[in-house]
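Report on the structure given below.
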Amino acid sequence: MRSEHRLGLLAVAAATLWLFTGGQLHAQSAQRGLIFARANCARCHSIDKVSPSPLKIAPPFRTLHNKYPVESLEEALAEGIITAHQNMPEFRLERDQIGDFIAFLKTLE
């Protein structure tokens, strides 16, 4: 086997491994974000792709990406989300929780 062919096969194998493990890690992160959303958000917000929000003034999470890129929520999640309506509790997330929650929100796009 020629060295160029061997290098090409190694590159394909490395890329496949990276895609598999990277995709798996992203899925695990999104799953942790879903667990957080179920525990802290689902009482008011729809956290799936079809259901209405239990609290009518709470936007379904599936619509958030229509208003702004969900990645732009990182700072607000770190500093504490505060809204104009009194029913929304203030949330301040840790860095790993933010990444998980953003990964979950991206699954709803």
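Please treat every number below as a calculation from the coordinates, not as lab data. The structure displayed is predicted, hence computed values, not measured ones. Note that we place each Cβ from the backbone using ideal geometry, even for glycine, and neighbour counts take in every protein chain shown.
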> So, by mean Cβ neighbours within 10 angstrom, what's the order for 49-59, 34-44, 99-109 with the highest one leading?
Replying inline: 99-109, 34-44, 49-59
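Kindly give the semi-axes, whole Å and largest first, of the ellipsoid equivalent to region 38-109, taking each as the square root of 5 times a Cα gyration tensor eigenvalue. Can you show the working numbers first?
On the way: eigenvalues 62, 47, 25 Å².
One finds semi-axes of 18, 15, 11 Å for region 38-109.
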> Tell me, Glu90, Glu74 in order of fewest to most beta-carbon neighbours within 10 Å?
Replying inline: Glu90, Glu74
